[in-house]
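**Student:** First, the structure itself, so that you have it in front of you.
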Amino acid sequence: METELQGSFTDLRKALFQLNVKDASLLSTAQALLRWHDAHQFCSRSGHPTKKNMAGSKRACPSSNIIYYPQMAPVVITLLSDGTRCLLARQSSFPKGMYSALAGFCDMGESVEETVRREVAEEVGLEVERLRYTASQHWPFPNSSLMIGCHATVRPGHTEIRVNSRELEAAAWFSHEEVAAALRRNNRTTQQQSGGLSFWLPPKLAIAHHLIKEWVENTVCLPA
């Protein structure tokens, strides 16, 4: 297929650096559905094979009459700020040099607000003072998730980071100037060639990028 179409297959996360919003949404939906169908071929009650409908929007068990629908797991993604700086972190699984906002799955019975406070405390040892919801995004990696984007602030003077090494590889406060400069760079290659900043940000289509861009645009940068 690659030879016939004169192209090559690539990871969808890498493709997000080049896709437009329409194509990215379509491919994300397709990937999520394909993975869901592959993982739900048998009924959890009867053990019999399930069958998908013509539209591919559900699977049914002919034996137990149970209908299965695709599901998304709620995940909070939070950009933390102390008023003039924002906190960015990276996991060891991230591409080298990429930093993003904090993220974590909602536990059973938790509200979004409770999850944000718990995740921030667990991952970087900080206490959230205020938080607000801003946007959401379907994210098909590794399985289908609903990313719930929030901004949160910590109390001034209470900004010492205690990185949970089981969750993160690194975390740090970045100034408005540093983050704004990173946003102006088009992609990872441009950043590496420039020899400038030592970190880069998620692609424009990721909600993490939206959170970071929103913070830069709405934070007043005071002169030193």
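**Student:** Write out, first by first residue and then by second, each pair whose Cβ atoms fall under 8 Å of each other, whose residues are 6+ apart or on separate chains, and whose first residue, in region 72-90, is in contact (Cβ under 8 Å) with a residue 60 or more places away in the chain and part of a strand (DSSP E or B) while the second is among the acidic types (Asp, Glu) and open to solvent by less than 10 Å² (accessible area, probe 1.4 Å).
**Tutor:** From residues that are in contact (Cβ under 8 Å) with a residue 60 or more places away in the chain and part of a strand (DSSP E or B), the pairs are 89/123.
**Student:** Does residue 123 count as under 22 Å from residue 200 (Cα atoms) and surrounded by 14 or more Cβ atoms within 10 Å (Cβ to Cβ)?
**Tutor:** yes
A quick yes/no check of all residues on (1) at pLDDT 95 or above; (2) buried (at least 20 other Cβ atoms within 10 Å of the Cβ); (3) in contact with a Pro (Cβ under 6 Å, 6 or more places away or on another chain):
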| position | (1), (2), (3) |
| --- | --- |
| 50 | yes, yes, no |
| 59 | yes, yes, no |
| 65 | no, no, no |
| 84 | no, no, no |
| 89 | yes, yes, no |
| 96 | no, no, no |
| 100 | yes, yes, yes |
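**Student:** Here is a list of conditions, (1) closer than 30 Å to residue 215 by Cβ; (2) crowded, with 16+ Cβ neighbours inside 10 Å, and residue 105 meets all of them except one; can you say which number that is?
**Tutor:** (2)
**Student:** Go through 155, 184, 188 for me and flag whichever is out of contact with any helix residue (DSSP H, G or I) (no Cβ under 7 Å at 6 or more places or on another chain), of a type outside the set (A, V, I, L, M), modelled with pLDDT under 90 and surrounded by 15 or more Cβ atoms within 10 Å (Cβ to Cβ).
**Tutor:** Of 155, 184, 188, the one residue that is out of contact with any helix residue (DSSP H, G or I) (no Cβ under 7 Å at 6 or more places or on another chain), of a type outside the set (A, V, I, L, M), modelled with pLDDT under 90 and surrounded by 15 or more Cβ atoms within 10 Å (Cβ to Cβ) is 188.
**Student:** Checking residue 172 against (1) more than 16 Å from residue 89 (Cα to Cα); (2) modelled with pLDDT of 85 or more, which single condition isn't satisfied?
**Tutor:** Answer for residue 172: the failing condition is (1).
**Student:** Residues that are in a strand (DSSP E or B) and out of contact with any helix residue (DSSP H, G or I) (no Cβ under 9 Å at 6 or more places or on another chain): does region 113-122 have at least one?
**Tutor:** No.
**Student:** Mind listing just one residue for me: the one in region 26-43 that is polar (S, T, N, Q) and in contact (Cβ under 8 Å) with a residue 24 or more places away in the chain and, of those, surrounded by the most Cβ atoms within 10 Å (Cβ to Cβ)?
**Tutor:** 28
**Student:** Condition test on residue 142, is it part of a loop (DSSP other than H, G, I, E, B) and either closer than 16 Å to residue 88 by Cβ or modelled with pLDDT of 90 or more (or both)?
**Tutor:** no
The values are calculated or read from the model by the stated rules, or taken from the named source; none is laboratory data. Every value quoted in this text rests on a predicted model; they were computed, and no experiment measured them. Ideal geometry is used to build each Cβ from the backbone, glycine not excepted, and the neighbour counts take in all protein chains shown. Note: areas computed on protein heavy atoms with side chains; ligands, DNA, RNA excluded. Shrake-Rupley method; radii C 1.70, N 1.55, O 1.52, S 1.80 Å.
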